[in-house]
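Below is one structure, written out as structure tokens; comments come after it.
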Amino acid sequence: MLEYYNNKLKIESCELQEIAVKYGTPCYVYSLQQLRSNYLAYANALQNHGHRQQIFYAIKANSNLTILRILQQLGAGFDCVSGGEITRALQAGSIPEKIMFSGVGKTHAEIKMAIELGIHSINIESAEELIRVHAIAKELNLTANIAFRVNPNITIDSHPYISTGSHNNKFGIEYNAAFELYKHATTLSNLNICGITCHIGSQITSLEPFMQALDQILQLTQQLTEYNINLSFIDIGGGLGINYHNETPPTIAAYVNAIISKLKHCKLTPHIEPGRSIVGNAGVLLTKVEYVKTTANNNFAVVDAAMNDLMRPVLYDSYHEIMPAIIKPQASIKKYNIVGPVCESGDFLAHSRDLALAAGDLLILKDCGAYGSSMSSNYNTRPRGAEILVSGDKTYVIRDRETIAQLMQNEQNIDVRSILV
Ligand code: LLP
């Protein structure tokens, strides 16, 4: 998807330099071709096993409406973690039956919305939530479709902030408590118990932990069947990692094949909730060097993107490969720290990269399609950049650059003199 041609970096058939001139920087740029091929890798692998359309894309990874519409057109359902994400899924054209609702802190209003819509499943994460969902369903005189998100207590080799499936995490129902809770749920009138889910974390680069989690979940499912609690789906969550920097995750096909073969004696329909592996390598962050600054200990390239645009480096110490939009063959290479204009020393995008840089140069950070734009903020009153979709030699603005006026529009123009008296 990214290739140099005459020393100019292209995404599909578009030069990134031209995109910067046309739309300004910083901006996120996505390749439709890569997005589609990632989704189809899941869809085709599942289809090879006779399972169609059981992919619930995790909206949190990238919630741009155009991206959601594309995935919806390709057949995706959606995994949502807020009323806002459910609204986005509907806005993107999803039917409620293809929406799942996960998350530890669902509010009364969000649960009511989900039950009224009749979504595929509300994934329950605590005993208290079960009681709340049932009470709301009863009040509405409706039946809520539910699954339990079970925490299988698996330790994964990923950043601690994105591990979710161990008993140290806030997520899911403790494995040993799940059976009793399922039993209790059968006594509640307004619930349709339809599945079991788990999600053990993100950026997982080996199959092992998924297989361990599945073994646990299957054991529980067996126990439930013996008790005559018959589910219709089993959801292994998301979590498949991508290659940011020398990681060697399994391919999407290998991941799907491993899951399906584990489930071959199980009658439940498999569901998956991938986020990162669908959008991660489909997006880049395009930024311009404002200044090059050399101090006694460091060379800094101060760029126009910052931690508010891409939070992953400071939050998870994440690595994003950096490529210049134009290669300057004669220029001398130095080690640079790539930093933004935000007033925090944590405002860095990369450390110690070999680059030949001068003010005005354009850089791209690779693999920013997932948890880039969706985690961005307006810190330092910085408007978020545009988002551009590329298909072949065409570009589409899928989110306008914010204006400073927009950032202030919800703040009332109160005459503070009257407060100060
Ligand atoms: N399902 C549930 C219930 C989740 O909590 C998540 C992600 C997913 C699916 C999708 O997981 P994925 O396939 O994207 O790994 N902001 C972090 C990642 C946080 C992931 C949270 N949960 C990052 O930038 O690395």
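Just need a number here: residues in segment 256-277 that are without any contact (Cβ under 8 Å) to a residue 60 or more places away in the chain, open to solvent by less than 30 Å² (accessible area, probe 1.4 Å) and assigned to a helix (DSSP H, G or I).
Total meeting the criteria: 2.
Here's the yes/no breakdown for (1) in the same structural domain as Lys334 (by TED's automatic domain parsing); (2) within 15 Å of the ligand (Cβ to nearest atom); (3) at pLDDT below 95; (4) in contact with a Cys (Cβ under 9 Å, 6 or more places away or on another chain):
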residue: Leu224; (1), (2), (3), (4): no, no, no, no
residue: Asn243; (1), (2), (3), (4): no, yes, no, no
residue: Ala254; (1), (2), (3), (4): no, no, no, no
residue: Asn257; (1), (2), (3), (4): no, no, no, no
residue: Lys264; (1), (2), (3), (4): no, no, yes, no
residue: Lys288; (1), (2), (3), (4): yes, no, no, no
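I'd like to verify a number: residues in segment 245-278 that are among the small types (Gly, Ala, Ser) and within 26 Å of Asn230 (Cβ to Cβ), how many?
2
Please specify each residue of segment 153-198 satisfying the condition of being in a helix (DSSP H, G or I) and open to solvent by 20 Å² or more (accessible area, probe 1.4 Å).
Those that are in a helix (DSSP H, G or I) and open to solvent by 20 Å² or more (accessible area, probe 1.4 Å): Pro160, Tyr161, Ile162, Tyr175, Asn176, Ala177, Phe179, Glu180, Leu181, Lys183, His184, Thr186.
Would you point out the residue of segment 7-29, among those that are in a strand (DSSP E or B) and open to solvent by less than 30 Å² (accessible area, probe 1.4 Å), that is farthest from Asn64 (Cα to Cα)?
By that ranking, first place goes to Leu9.
Return the total of residues in segment 53-75 being touching a residue at least 60 places away in the same chain (Cβ under 8 Å), open to solvent by less than 10 Å² (accessible area, probe 1.4 Å) and in a helix (DSSP H, G or I).
So the answer is 4.
Being in contact (Cβ under 8 Å) with a residue 12 or more places away in the chain, under 16 Å from Leu231 (Cα atoms) and within 11 Å of the ligand (Cβ to nearest atom), is that true of even one residue in segment 168-191?
For segment 168-191, residues in contact (Cβ under 8 Å) with a residue 12 or more places away in the chain, under 16 Å from Leu231 (Cα atoms) and within 11 Å of the ligand (Cβ to nearest atom): absent.
Quick check on Met323: is it under 24 Å from Ala58 (Cα atoms) and either free of Cβ contacts under 8 Å to residues at least 40 places away in the same chain or surrounded by fewer than 21 Cβ atoms within 10 Å (Cβ to Cβ) (or both)? Give the derivation first.
On the way: under 24 Å from Ala58 (Cα atoms): no; either free of Cβ contacts under 8 Å to residues at least 40 places away in the same chain or surrounded by fewer than 21 Cβ atoms within 10 Å (Cβ to Cβ) (or both): yes.
Spelling it out, it is not the case that Met323 is under 24 Å from Ala58 (Cα atoms) and either free of Cβ contacts under 8 Å to residues at least 40 places away in the same chain or surrounded by fewer than 21 Cβ atoms within 10 Å (Cβ to Cβ) (or both).
Any idea which of (1) open to solvent by 70 Å² or more (accessible area, probe 1.4 Å); (2) within 24 Å of the chain's Cα centre (by Cα); (3) of a type in the set (S, T, N, Q) is the one Asn378 doesn't satisfy?
(1)
For residues that are part of a strand (DSSP E or B) and either touching a Gly at 6+ places or on another chain (Cβ under 8 Å) or of a type in the set (Phe, Trp, Tyr) (or both), scanning just segment 308-354, find the one that is farthest from Asp367 (Cα to Cα). Show your work before the answer.
At the first step, the residues of segment 308-354 found to be part of a strand (DSSP E or B) are 322-324, 326, 334-339, 348-354.
Still in the list and also either touching a Gly at 6+ places or on another chain (Cβ under 8 Å) or of a type in the set (Phe, Trp, Tyr) (or both): 336, 348-349.
Working: Tyr336: 20, Phe348: 16, Leu349: 13 Å.
Here the residue is Tyr336.
Residue under question is Gly280, and the condition is that it be part of a loop (DSSP other than H, G, I, E, B) and either touching a residue at least 40 places away in the same chain (Cβ under 8 Å) or not β-branched (Val, Ile, Thr) (or both); does it hold? Before you say what the answer is, go through the steps one by one.
On the way: part of a loop (DSSP other than H, G, I, E, B): no; either touching a residue at least 40 places away in the same chain (Cβ under 8 Å) or not β-branched (Val, Ile, Thr) (or both): yes.
So Gly280 fails the test.
Among the residues of segment 81-134, write down those that are closer than 26 Å to Arg69 by Cβ and of a type in the set (Ser, Thr, Tyr).
Across segment 81-134, the qualifying residues are Ser82, Thr87, Ser94, Ser102, Ser121.
Name the pairs: first residue in segment 86-109 and open to solvent by less than 60 Å² (accessible area, probe 1.4 Å), second residue away from the ligand (no atom under 15 Å from the Cβ) and of a type in the set (Val, Ile, Thr), Cβ to Cβ under 9 Å, at least 6 apart or on different chains?
Ala92/Thr66; Ala92/Ile70; Phe101/Ile111; Lys106/Val133
Mind checking which residues of segment 137-152 are away from the ligand (no atom under 13 Å from the Cβ) and either in a strand (DSSP E or B) or under 29 Å from the mean Cα position of the chain (by Cα) (or both)?
Passing the criteria: Ala144, Asn145, Ile146, Pro152.
Filter segment 294-318 for residues that are open to solvent by 60 Å² or more (accessible area, probe 1.4 Å) and within 21 Å of Glu387 (Cα to Cα) and give the result.
Hit for segment 294-318 is Met311, nothing else.
Tell me yes or no: at least one residue of segment 94-102 is in contact with an Asp or Glu (Cβ under 7 Å, 6 or more places away or on another chain), among the aliphatic types (A, V, I, L, M) and either modelled with pLDDT of 95 or more or within 29 Å of Thr395 (Cβ to Cβ) (or both).
The answer is yes, given that some residue of segment 94-102 is in contact with an Asp or Glu (Cβ under 7 Å, 6 or more places away or on another chain), among the aliphatic types (A, V, I, L, M) and either modelled with pLDDT of 95 or more or within 29 Å of Thr395 (Cβ to Cβ) (or both).
For segment 29-48, enumerate the residues that are under 24 Å from Ile11 (Cα atoms) and not aliphatic (A, V, I, L, M).
Tyr30, Ser31, Gln33, Gln34, Arg36, Ser37, Asn38, Tyr39, Tyr42
Filter segment 384-407 for residues that are closer than 28 Å to Pro341 by Cα, touching a Ser or Thr at 6+ places or on another chain (Cβ under 8 Å), open to solvent by 40 Å² or more (accessible area, probe 1.4 Å) and not in a strand (DSSP E or B) and give the result.
Scanning segment 384-407 gives Arg384, Ile404.
Which members of segment 199-237 meet the condition of being under 26 Å from Arg52 (Cβ atoms), open to solvent by 40 Å² or more (accessible area, probe 1.4 Å) and among the acidic types (Asp, Glu)?
Passing the criteria: only Asp215.
The values are calculated or read from the model by the stated rules, or taken from the named source; none is laboratory data. On a predicted model such as this, the values are computed, not experimentally measured, just so you know. Please note: Cβ atoms are built from the backbone with ideal geometry, for glycine as well, and neighbour counts cover all protein chains shown. Just the protein is used for accessible areas: all its heavy atoms, side chains included, with ligands, DNA and RNA removed. Shrake-Rupley method; radii C 1.70, N 1.55, O 1.52, S 1.80 Å.
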